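> Would you mind keeping the following structure in view while I ask a few things?
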Amino acid sequence: MLHLAFLTDYGLLFLRIMVGAIFIDSGWNDLKDPDARSKNLGLPKGFTIFLAAAEVAGGAGVILGILQQLAAIGLIVIMLGAVQKKIFVWKTGFWGKDNPGWYYELTIMSMLSVILFTDGGRFVIFP
């Protein structure tokens, strides 16, 4: 059996970088054209801008290890909102049909849960 526990903090850092990059990219794209995104989501423009900024800030916090547990909680809440929208408003199935299902959000939430429960590992700036 391989004994790789000594690499756990490096794996958590990689996980934080990947999750953070996903949210920074998503939020940044939404901030570039909030009108189109708000129409697509069926949300007010101001709230769409707030969500996009929260995604960017949360993603940066997760990557840098600055209040990463609070950032993970905030991003989980955003993902719960996305799951709610997909299930109850858009009637999207778990795997989806014409667009991605809500399995994607659950996958991201599971990754955020690892960050939340482990405090992101040893390589953080401000826990």
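Please treat every number below as a calculation from the coordinates, not as lab data. Not measured: the values here are computed from a predicted model. Here the Cβ positions follow ideal geometry from the backbone for every residue, glycine too, while neighbour counts run over all protein chains shown.
> Return the pairs, sorted by first residue and then second, in which the second residue is in a helix (DSSP H, G or I) and of a type in the set (Asp, Glu), the first residue lies in segment 17-36 and is touching a residue at least 12 places away in the same chain (Cβ under 8 Å) and under 13 Å from residue 61 (Cβ atoms), the beta carbons are less than 9 Å apart, and the residues are 6+ apart or on different chains.
23/55; 24/55; 27/55
> What single numbered condition from (1) within 16 Å of residue 125 (Cβ to Cβ); (2) touching a residue at least 12 places away in the same chain (Cβ under 8 Å) fails to hold for residue 70?
With (1) within 16 Å of residue 125 (Cβ to Cβ); (2) touching a residue at least 12 places away in the same chain (Cβ under 8 Å) applied to residue 70, the lone miss is (2).
Residues checked against (1) closer than 28 Å to residue 7 by Cα; (2) small (Gly, Ala, Ser); (3) assigned to a helix (DSSP H, G or I):
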position: 19; (1), (2), (3): yes, no, yes
position: 50; (1), (2), (3): no, no, yes
position: 70; (1), (2), (3): yes, no, yes
position: 79; (1), (2), (3): no, no, yes
position: 82; (1), (2), (3): no, yes, yes
position: 85; (1), (2), (3): no, no, yes
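> A further question follows. Residue 97 - would you say it is among the charged types (D, E, K, R), on the phi > 0 side of the Ramachandran plot and more than 15 Å from the chain's Cα centre (by Cα)?
Taking the combined requirement at face value, the residue does not satisfy it.
> All but one of (1) acidic (Asp, Glu); (2) within 20 Å of residue 115 (Cα to Cα); (3) surrounded by fewer than 19 Cβ atoms within 10 Å (Cβ to Cβ) hold for residue 55; state the number of the condition that does not hold.
(3)
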